Amino acid sequence: MILASAALTVLASPALAAGFYIQEQSTKATGRANSGEVADQGVESLWWNPAAIGGLEGGDAAISATAIRPRANVVDNGTLIVRPGQKPALVGGDATRNPIDNGVVPAGAIAHGLGHGLAVGLAISAPYNFTTSYPATSWARYSTLTTRLRTIDIQPSVAVQLANRINLGAALNVEHTTANLGNALPNLLAALPDGQQQLSGKGWDVGYTLGAQYVAPRFSLGVSYKSAITHHLDGQLVISGLLGPLAAKNATIAANARFTTPWQLGFGGRVKLNDAITLNGQVVRFGWAKFDAIRLGSPLNTAIPENYRNTWSYAGGVDVALSPRWTVRGGVQRDLAPVRDTDRDARVPDSDRWTFAVGATHQLTKAIQINAAANYLTLSEAAINRTTAAYVGTPAQTPVLVNGTVRSPSVLIASLGARIRF
């Protein structure tokens, strides 16, 4: 049916879960390229490992704001459209500079010890947030115009410190997700203006996080597992601007979608070489293969394969205490993209990346720390080559043979945060 095939054009790209995960959940972590979070103690590591607050005495709170500034050129190498009964023709249109919008990612956490090694905490974060915007004249318009994803994760946590230096923790991850996805639709004649479609939805879903740590005087080890979350979005699909034989298909219908974001299994360690220098290391396995398809419910009743793959990230870093009031840090991370080279889409033009990080902490008072960090990310240039089609399975089926490149991609990140003990 034509509405189902129209939805395929919206959702055939990896937009709802994104080809990247926003990991900037604390300024201290950002300053060492997320290299020690699974094994570190304190509220700033709560997102990665609920065991981090085991044995906490008194209260601990942290807040951060991280500005993300992506840069890239997305250019056309000859994308073709094949209208029914016509020869392949160039889509044409403008190259797009910096299609991923700048943004600010907030995060915060608070925890309090209850005595006897027991502590409770709450972290609020935004792990999947982004916006990509292309002009109506872009060569990629039949794949995407605007994509907006907003996720808020609320993580109540509990942890306990056992007598044998082991911390255990558990948490719920309650997530609210909203998504808006739009793209142009081709009319049957090239001389006619494009139509458009917009899919929007929102919903609440729940996952969990489990963690453990071994904390010795000179080193600590940590492991955590963050579950996959199956998201259910209820909303509507709006199709407009279709002309001629397609005009009867303009409609607004109720729609729902289901997709799964990845699990994470993290291992980390911290080694204190002396009173000033601590080395950090962390490896994370991401279960992106869970994002195998987007499933659309009634009345569309179809599934769109996504073919994401599981990936790894590797990070190493160092913290150096220059004085009782000043600590500096740095780190490097290698993060592999889950999108396959044969399925990359303009909606999420993701690729493998290196992250280079620096940061610092100033102990303002006995209870208050101020943290700052900066990252530079360099990403691989990559082909955009995911073929799409409008009106699949009907006489109006119109393939779009996408052929583009992401050039000179990079990201600048700046983060500022504070930690208060009470």
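The values are calculated or read from the model by the stated rules, or taken from the named source; none is laboratory data. In this text, all values refer to a predicted model and were calculated from it rather than measured experimentally. Here the Cβ is made from the backbone with ideal geometry for all residues, glycine too, and neighbour counts use every protein chain on show. Calculation scope for accessible area: heavy atoms of the full protein, side chains included, ligands and nucleic acids excluded. Shrake-Rupley method; radii C 1.70, N 1.55, O 1.52, S 1.80 Å.
Conditions first: (1) in contact with an Asp or Glu (Cβ under 9 Å, 6 or more places away or on another chain); (2) modelled with pLDDT of 90 or more. F356 passes all but one, so which condition is the exception?
(1)
Tell me, which residue of the range 364-422 that is buried (at least 18 other Cβ atoms within 10 Å of the Cβ) and charged (D, E, K, R) is nearest to D76 (Cα to Cα)?
By that ranking, first place goes to R386.
So which pairs qualify, if the first residue must be in the range 293-318 and without any contact (Cβ under 8 Å) to a residue 24 or more places away in the chain, the second must be among the basic types (K, R) and part of a strand (DSSP E or B), the Cβ gap must be under 7 Å, and the two must be at least 6 apart or on different chains?
Final answer for the pair search is A303/R295.
Can you find, within the range 335-363, the residue that is farthest from S410 (Cα to Cα) among those that are open to solvent by less than 50 Å² (accessible area, probe 1.4 Å) and among the polar types (S, T, N, Q)?
Top of the filtered list is Q363.
Looking at S240, S298, S224, which is the one that is open to solvent by less than 50 Å² (accessible area, probe 1.4 Å) and among the polar types (S, T, N, Q)?
S224
Name the residue that is nearest to K87 (Cα to Cα), counting only residues in the range 201-210 that are open to solvent by 10 Å² or more (accessible area, probe 1.4 Å) and in contact (Cβ under 8 Å) with a residue 40 or more places away in the chain.
My answer is G201.
Among the numbered conditions (1) outside any strand (DSSP E or B); (2) under 23 Å from E24 (Cα atoms), tell me where L377 comes up short.
The single condition L377 does not satisfy is (1).
Quick one: in the range 186-200, which of the residues that are modelled with pLDDT under 95 and of a type outside the set (A, V, I, L, M) is most open to solvent (accessible area, probe 1.4 Å)?
Across the range 186-200, the extreme among qualifying residues is Q198.
Tell me whether the range 163-182 contains one or more residues that are surrounded by fewer than 18 Cβ atoms within 10 Å (Cβ to Cβ), of a type in the set (G, A, S) and in contact with a helix residue (DSSP H, G or I) (Cβ under 8 Å, 6 or more places away or on another chain).
yes
Would you check which residues across the range 201-212 are over 12 Å from E175 (Cβ atoms) and touching an Asp or Glu at 6+ places or on another chain (Cβ under 9 Å) and list them?
Once the filter is applied, which keeps residues that are over 12 Å from E175 (Cβ atoms) and touching an Asp or Glu at 6+ places or on another chain (Cβ under 9 Å), the range 201-212 yields only G201.
Looking only at the range 101-151, count every residue that is open to solvent by 40 Å² or more (accessible area, probe 1.4 Å), in a strand (DSSP E or B), of a type in the set (V, I, T) and more than 30 Å from Q161 (Cα to Cα) and tell me the total.
Total meeting the criteria: 1.
Could you grab me the full set of residues in the range 380-422 that are closer than 30 Å to V328 by Cβ and not in a strand (DSSP E or B)?
Hits for the range 380-422 are S380, F422.
Residues of the range 173-190 being assigned to a strand (DSSP E or B) and over 18 Å from T146 (Cβ atoms), which ones?
Result: N173, V174, E175, H176.
Only one of (1) modelled with pLDDT under 95; (2) of a type outside the set (D, E); (3) outside any loop (DSSP other than H, G, I, E, B) is not met by K28, so which one is it?
Evaluating K28 over (1) modelled with pLDDT under 95; (2) of a type outside the set (D, E); (3) outside any loop (DSSP other than H, G, I, E, B) leaves (1) as the failure.
Among the residues in the range 309-331, are any open to solvent by 40 Å² or more (accessible area, probe 1.4 Å) and within 30 Å of N183 (Cβ to Cβ)?
Yes.
Checking the structure you have, find out if any residue of the range 293-302 is modelled with pLDDT under 95, over 22 Å from Y142 (Cα atoms), in contact with a Lys or Arg (Cβ under 6 Å, 6 or more places away or on another chain) and of a type in the set (S, T, N, Q).
No, because not a single residue in the range 293-302 is modelled with pLDDT under 95, over 22 Å from Y142 (Cα atoms), in contact with a Lys or Arg (Cβ under 6 Å, 6 or more places away or on another chain) and of a type in the set (S, T, N, Q).
When G59 is evaluated against the numbered criteria (1) over 29 Å from the mean Cα position of the chain (by Cα); (2) open to solvent by less than 20 Å² (accessible area, probe 1.4 Å); (3) modelled with pLDDT under 95, which criterion, by number, is the only one it fails?
Only one criterion is unmet by G59, namely (3).
When the residues of the range 296-307 are narrowed to those that are part of a loop (DSSP other than H, G, I, E, B) and polar (S, T, N, Q), which ends up nearest to the chain's Cα centre (by Cα)?
N307
I want to confirm something. Restricting to the range 253-291 and keeping residues that are at pLDDT below 95 and among the polar types (S, T, N, Q), which single residue is most open to solvent (accessible area, probe 1.4 Å)?
N256
Every residue, every condition in (1) of a type outside the set (V, I, T); (2) in a loop (DSSP other than H, G, I, E, B); (3) over 18 Å from T209 (Cβ atoms); (4) at pLDDT 95 or above, yes or no:
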{"residue": "L8", "(1), (2), (3), (4)": "yes, no, yes, no"}
{"residue": "Y21", "(1), (2), (3), (4)": "yes, yes, no, no"}
{"residue": "N34", "(1), (2), (3), (4)": "yes, yes, no, yes"}
{"residue": "D40", "(1), (2), (3), (4)": "yes, yes, no, yes"}
{"residue": "E44", "(1), (2), (3), (4)": "yes, no, no, yes"}
{"residue": "G78", "(1), (2), (3), (4)": "yes, yes, yes, yes"}
{"residue": "P84", "(1), (2), (3), (4)": "yes, yes, yes, yes"}
